[in-house]
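As structure tokens, the structure follows; a few thoughts come after it.
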Amino acid sequence: MTSTAARSRNLVALAATAALLAGCGSSDDENDNPLAGDKASGDTVVVGSNNFAESILLADIYGEALKAKGIKVTYKPNIGSRETTYGLLKNGSITVLPEYNGSLLAYLDPKAEQKSADAVNAAVKTKLDKKLTLLESSPAEDKDSVSINAATAKKYNLTGESTLADLKEIAPELVIGGSPEFQTRQQGLVGLKDVYGLEFKSFKALDAGGPLTQAALAKNTVQAADIFTTDPTITKEKFVVLKDPENLFGFANVTPLVYKSGLPQEGVDVLNQVSAKLDTETLLELDSQVQLENKDPLDVAKEWLKTAGLS
């Protein structure tokens, strides 16, 4: 994801499902202290997750895919932020963690350019601790986007295939919302003007893809807004995410980050197969099942793996 706020906004959804998560899925394993630094014993693969709902779901997908191949798995769910989980990976306390390639690169090298997903992954690999590696990235991305509400999409005949360039003629009629910082960032109004030639009627300062922004877009207080691409509100409110062919908002492909010596080749192969089948539309649907329908993330993970032919 392109913003640390993207991680924070999921804490709201995570809190809403905390009771559910506490009694199901990956937390069923004996991992009372996810910060414990003990390494996995023998051939056990430890799958960790950061402290937001999507990461927990992805960890369940990875773990259950590995289990389906006969690999012994334990979980350390809901650990915390990247600053914590990266250290646990380096010392071997975690074997596998769902990551976002562009966000990871920004953490490892804040000044690094991000010109393509492959270039991002190559750059990450040069910056990673030598004991770690990235596996194949999925097409699924959880990152900033300019999304419009259903009424605006209908009025201007815009669809999920429409791009930011399609807003050029109509942007002067639209109010756009986002965090205060969105107004002055390159990955915000500055870049939208420089890259796509978009000049909006006005800007409304809200929050970083959170409840204020979601509500304003749903109520048509703003007609366009910075919404994260796997936010379940997109499904609930029928928002339309506009494509970003110039990659203004960078890259945030879901990618397994691995402690190399802890994962057998069979595990590498199956996680690469998971990545090949996981796209943004699918991840949005799975997130919606967990965060809107309050389904057990472990059940959602198992069902998707079954339909994807991976279990």
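Only the coordinates and a few stated rules stand behind these numbers; no lab work does. Predicted, not measured: the structure shown is a model, and the values here were computed from it. Cβ coordinates were reconstructed from backbone atoms using ideal geometry, including for glycine residues, and neighbour counts include every protein chain displayed.
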With the Cα gyration tensor of segment 217-311 giving a ≥ b ≥ c as the square roots of its eigenvalues, does the rule (a/c under 1.5 for rounded; else a/b larger than b/c for prolate; else oblate) give rounded, prolate or oblate?
oblate
Nearest 10 degrees is fine. How inclined is helix 4-16 to the longest principal axis of the chain, computing both from alpha carbons?
70
Exposure proxy ranking, count of Cβ atoms within 10 Å, fewest first, for Phe52, Phe239, Phe249:
Phe52, Phe239, Phe249
Which of Leu108, Leu283 has the fewest other C-beta atoms within 10 Å, and how do the rest follow up to the most?
Leu108, Leu283
Non-local residues with an amide H under 5 Å from the amide H of Lys143, with H modelled 1.01 Å from N and Pro and chain starts lacking one, are Thr229, Thr230
Specify whether the C-alpha gyration tensor of segment 175-256 places it in the rounded, prolate or oblate class, a ≥ b ≥ c being the square roots of the eigenvalues: rounded for a/c under 1.5, otherwise prolate if a/b is larger than b/c and oblate if not.
oblate
Estimated vicinal HN-Hα couplings, Hz - segment 287-298 in sequence order (Karplus 6.51, -1.76, 1.60; Gly, Pro = x)
4, 5, 4, 6, 8, 9, 9, 6, 7, 5, x, 5
Using the beta-carbon distance between Ala276 and Lys125 and R0 = 25 Å, what value does 1/(1 + (r/R0)^6) give for FRET efficiency, to the nearest 0.05?
0.85
Tabulate in residue order the Karplus-calculated ³J(HN,Hα) for segment 83-95, using 6.51 cos²θ - 1.76 cosθ + 1.60 with θ = phi - 60°, rounded to whole Hz; enter x for Gly and Pro.
4, 8, 5, 5, x, 5, 5, 4, 8, x, 5, 10, 9
Search the structure for amide H atoms under 5 Å from the amide H of Arg185, placed 1.01 Å from N in the peptide plane, and list their residues when 5 or more places away or on another chain.
Val190
What ³J(HN,Hα) values, in whole Hz, does the Karplus curve 6.51 cos²θ - 1.76 cosθ + 1.60 give for segment 193-204 when θ = phi - 60°, with x put for Gly and Pro?
6, 5, 8, 10, x, 8, 10, 8, 4, 6, 10, 10
Alpha carbon centre of segment 131-154 versus segment 290-308: separation in Å?
19
